Amino acid sequence: MSFNSFSKVATPRIVNIGLIVRQSIRALSSQRPFYPVHPVDKFSVACRHFLPIHKPPYFHHQLAYLTQTRMSSTGKVTDWVNPADKSGEFKRQVSSFRDWISDEPGAKFPVEKSRYHLYISYACPWATRAIIARKLKGLEDYITVSSVHWHLGEKGWRFPTADDKDAEGEDVVPDPLHEEFTHLRQIYFESDPDYSARFTVPVLYDKKQKRIVNNESSEILRMLGTAFDEQLDEKYRNVVLYPTDLQKQIDEANEWHYDLINNGVYKSGFATTQEAYERNVHALFGALDKAEAHLASGEGPYYFGKQLTETDVRLFVTIIRFDPVYVQHFKCNIKDIRSGYPHLHSWMRNLYWNHPAFKDTTNFLHIRNHYTRSHKQINPFSITPVGPLPDILPLDEEVPALKQAGKL
């Protein structure tokens, strides 16, 4: 749709839409939070007040997306730290879509086989939480899945094309639900034409209502752990990731794991001042030391002894990426996992080698390429380090240096 064709569908009462839009943008400019907001998002907001109400909802979504390719940006999806923030701290946004799949009568999003779809990235630790849970709970026939391309550009995540030869992996395909969509942002605009925050994964999507249910990974993980239980075989109903007797311990561990480890690697890597980097990287390694001590004092093989829980899922997705990318790319290099944390290392390898849900959802190609080729402000020449090799050691192989030091 061109601007000329747009003018033909506007009502006669709009005498000067350009003036209206400019005035609306100026009025809105002082009300928006930092996230790099594209002028088109404001343009979409303005147009929704003046366009004929009988136009279908997707008209506004298409207008927003199409004009976005024509208009310059006041910020980029890849701006990780607010340039005006002198602290240099990376601050993660709060997820916007927080609905829940439920088997309660009259639920807005009821439990239904094949009704829901997960948009994920194999590169993203937050997204792989969701697909690990999907596999652990045997939900492959209930929730379909597809992965975006590993590259995160200025328009956000894009869907792979038939010509992409560098993004191999299961379910790495063009958007299976919208043939015309090229970017994940279109899924967001379909659900909310006025959306102006980051276009993140995972996205739990309702195929019937054509809208996003939830984009908060911790909630999706917990939702998949219970929402479909009444429909599942006993084998999968018995996979309880948030058991009643461990809930207090799980919540406590999740809280500091998230702040200091899961998000800590990002706060270290995206810091734009030395002070912010050092503060966060030391906090990160203090938390890793604490997790190591917890595992050393426990029975294993899981974080809470004999019971596999959501805490294992949440921590694994960061630890599996630590040596391949976080050590060098995010400068988290005080120690690595394989030589500095023997109990975390053993715990991680047990999950990877003994549980297909963890191994099958880990794609080191996507992980390495995403971080090293998407974060231009950190790695402007997109050079991807070869090591460490192998990506993960076999279950029964230890690091020689640890044996020599008598730590094993």
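A few notes on this one:
- Check on residue 391, in contact with a Phe, Trp or Tyr (Cβ under 6 Å, 6 or more places away or on another chain), within 14 Å of residue 323 (Cα to Cα) and either outside the structural domain of residue 125 (by TED's automatic domain parsing) or at pLDDT 95 or above (or both): yes
- Candidates 326, 303, filtered to the one that is over 17 Å from residue 127 (Cβ atoms) and not polar (S, T, N, Q): 303
- One residue from 255, 216 being on the phi < 0 side of the Ramachandran plot and assigned by TED's automatic domain parsing to the domain that holds residue 313: 255
- Hey, residue 312 in contact (Cβ under 8 Å) with a residue 24 or more places away in the chain, more than 30 Å from residue 380 (Cβ to Cβ) and of a type in the set (Asp, Glu) or not: yes
- Only one of the listed residues (215, 238, 280) is over 30 Å from residue 179 (Cβ atoms) and either touching an Asp or Glu at 6+ places or on another chain (Cβ under 9 Å) or crowded, with 16+ Cβ neighbours inside 10 Å (or both). That residue is 280.
- Flag for residue 88 being surrounded by 17 or more Cβ atoms within 10 Å (Cβ to Cβ), modelled with pLDDT of 55 or more and in a loop (DSSP other than H, G, I, E, B): yes
- Check on residue 141, in a loop (DSSP other than H, G, I, E, B), in contact (Cβ under 8 Å) with a residue 12 or more places away in the chain and surrounded by fewer than 17 Cβ atoms within 10 Å (Cβ to Cβ): yes
- Out of 170, 112, 180, one residue alone is modelled with pLDDT under 95 and either more than 13 Å from the chain's Cα centre (by Cα) or within 26 Å of residue 371 (Cα to Cα) (or both). It is 170.
The values are calculated or read from the model by the stated rules, or taken from the named source; none is laboratory data. Quick caveat, the model's predicted, so the values are computed rather than measured. Because the Cβ atoms are built from the backbone with ideal geometry, glycine has one as well, and the counts that use them run over all protein chains shown.
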